[in-house]
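Everything below concerns the one structure shown next.
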Amino acid sequence: MIYLGIDCGTQSTKTVALDADSGSIVASAAKSYDVLPGLPPGHMEQDPITWAEAMDETVRQVLDKLGARRGEVRGIGVSGQQHGFVPLDKMGRVIRPAKLWCDTSTTEECDLVRAHFGGARAVIDLVGLDMLPGFTAPKILWLKRHEPENYARLAQVLLPHDYLNFCLTGKYRMEYGDASGTALLNIRTRFWALDVLDFIDPSLTDKLPTLGSSRQPAGTLKPELAKRWGLPDGVVISAGGGDNMMGAIGTSNTAPGCVTASLGTSGTIYAYSAVPVVDPEGEIAGFCDSTDAWLPLVCTMNVTVATEAMRNLFGWSHGQLEEAVRGVPPGSDGLLFLPYLQGERTPNLPNGTGVCHGLTTRNMTPGHLARAAMEGVTLGLAYGLQRLRVLGISPTEIRLTGGGSKSAVWRQICADVFGCRVVTLAQAEGAALGSAIQALAAVQTEKSINDWAGQIVQVTADESTGPRGNLSFDYAAALEMQTSLTRALAERGYL
């Protein structure tokens, strides 16, 4: 049997076809797009219709590659970029472009929510998360405050993957995992936080879709789509989830001990937990996962953003960037790079900027700048891993995904900085693969998601590496320096 996994991201939508018998990806396709141009600083938006069109195009391409095997498709799962606000009217039409996870224009709305409830700690008590600009709740309040005519038309609040599920099934539904990233859900109880809903708008409850288990399917493929795509009747559409939740399944991060670190445009580091993990400081997002457990997670907004900026600055290929970084010793001879080039989510610096600290005539070279950028973004993720450890997560292995994981020198930096063995995976598209595995588990219920993921997800043995015991440079001290410098500059209003 064949199961399709669809991953709708900020830069592209990818579709893969998973052969359940072999555990192999037998076809794939991708469609790129960009954010809407010309918006004010901090505003990041996309038209959800773009996602639907990219889904249709990539599914068609994958089915064409499958040929006669398209008749074996039994299920489809959808992964979507988290937190995006898709506003629909009563006819199910998109009212305006979706504000994305990386939109930082809602800082004032976050402050209003915190002030109403008595500060960040009070909000964390209500929902288990701080109210951050990336989350969905302040985006809804932003629409009400800044575009009241559009808000008056609002009949349904969806997230990106919910919108694509709606396109596939015709039904409105939201599952616990992605819903936990709205800051409207009490992540401990998995019920809506009614006090927060009422503050935004007493009628908001009526605009939210049915909420349910991440293990229950969203529905079945609409007959007209099945006919258009040449698929059999009754194809199951699984619950789907946010990209990090699906990435957890696609990296077999569905049991204690495993931690996933994504080195993409942004960065995430997250782990499985059987119980809610609530950070009183609000730095770790204690999301629900897509197996009805929990996924404590930290997100940073600048990972390959910073390394690509260095690569483009010096006109290098990826191979040249690799060699330049390899030619500089750990610690970049004292050069420290705070990589907040487009603001930051952890630490919460929506207006943050990048900083080079410790420049000398010795380390002011392209190679040093490049290595400092790579180390700086990795230390940013290490800050989150350190916080996870404080909250009770004990990693035994870090599974690296994303474009940065292809770099051998970066993998070694990760092992040294994280102080833990790191591995990569044979299948590169974790979120799309996770979506396909979730669809498989929704149809072939004789095994759990954890069992299916453990069977299908394979580690690339020759790309695993551990921390170097004889490394003379102290990355723990570098992390302390980066944290202290960030806090000192932020306290003085320089970040």
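Find how many whole Å separate the alpha carbon centroid of the stretch 168-193 from the alpha carbon centroid of the stretch 218-292. The stretch 218-292 and the stretch 168-193 have Cα centres separated by 12 Å.
Summarising the amide proton neighbourhood of Gly23: residues at separation of 5 or more, or on other chains, whose placed amide H is nearer than 5 Å comprise an empty set. Averaged per residue, what accessible surface does the chain expose to a 1.4 Å probe, in Å²? Normalised by residue count, the accessible surface of the chain is 37 Å².
Using the Cβ-Cβ distance between Phe314 and Asp125 with R0 = 35 Å, the FRET efficiency computed as 1/(1 + (r/R0)^6) comes to roughly 0.15. A Förster radius of 45 Å combined with the Cβ-Cβ distance from Ala115 to Met481 puts the calculated FRET efficiency at roughly 0.85. Once C-alpha pairs closer than 8 Å and six or more residues apart are averaged by separation and normalised to the residue number of the stretch 231-284, the relative contact order reads 23 percent. Judged by the gyration tensor of its Cα atoms, with axes a ≥ b ≥ c, the stretch 437-492 is oblate; a/c meets the 1.5 cut and b/c is at least as large as a/b. For the stretch 231-278, a/c is not less than 1.5, where a ≥ b ≥ c are the root eigenvalues of the C-alpha gyration tensor, and a/b tops b/c. That puts it in the prolate class. Counting only protein heavy atoms and a probe of 1.4 Å, the accessible surface of the chain is 51% carbon and sulfur. Using the Karplus relation 6.51 cos²θ - 1.76 cosθ + 1.60 with θ = phi - 60°, the per-residue 3J(HN,Hα) values for the stretch 390-405 come to 4, 8, x, 8, 10, x, 10, 7, 9, 9, 8, 9, x, x, x, 5 Hz, with x marking Gly and Pro.
When only Cα pairs below 8 angstrom with a gap of at least 6 residues are kept, the chain shows a relative contact order of 16 percent.
Sparse packing (at most 13 other Cβ atoms within 10 Å of the Cβ) combined with a DSSP loop state is found for the following trypsin sites (Lys or Arg not before Pro) in the stretch 362-466: Arg362, Lys447. What is the antiparallel percent of DSSP beta bridges lying wholly in the chain, to the nearest 5? So the antiparallel bridges in the chain amount to around 70 percent. Residues Met246, Met91, ordered by accessible area of protein heavy atoms at a 1.4 angstrom probe radius and largest first, appear as Met91, Met246. Where the centroid of each part is defined by its Cα atoms, how far is the stretch 56-108 from the stretch 447-476 in Å? Here the answer is 30 Å between Cα centres. Residues whose amide H lies under 5 Å from that of Ser12, counting only those 5 or more places away or on a different chain, are Tyr33; hydrogens are built 1.01 Å from N in the peptide plane. Straight-line cross-link reach from Lys31 at under 18 Å between alpha-carbon atoms covers these lysines, not counting any fewer than eight positions away in the same chain: Lys14, Lys65. For Gly80, the amide hydrogen comes within under 5 Å of the amide hydrogens of Cys8, His161, Gly241, Gly242, Asp243, counting only partners 5 or more places away or on other chains and with H modelled in the peptide plane.
Using the Karplus relation 6.51 cos²θ - 1.76 cosθ + 1.60 with θ = phi - 60°, the per-residue 3J(HN,Hα) values for the stretch 197-204 come to 4, 5, 5, 5, 5, x, 8, 5 Hz, with x marking Gly and Pro.
The values are calculated or read from the model by the stated rules, or taken from the named source; none is laboratory data. All figures in this text were calculated on a predicted structure; none of them were measured in a lab. Here the Cβ is made from the backbone with ideal geometry for all residues, glycine too, and neighbour counts use every protein chain on show. Ligands, DNA and RNA are stripped out before the accessible areas are found, and what is left, the full protein with its side chains, is counted by its heavy atoms. Shrake-Rupley method; radii C 1.70, N 1.55, O 1.52, S 1.80 Å.
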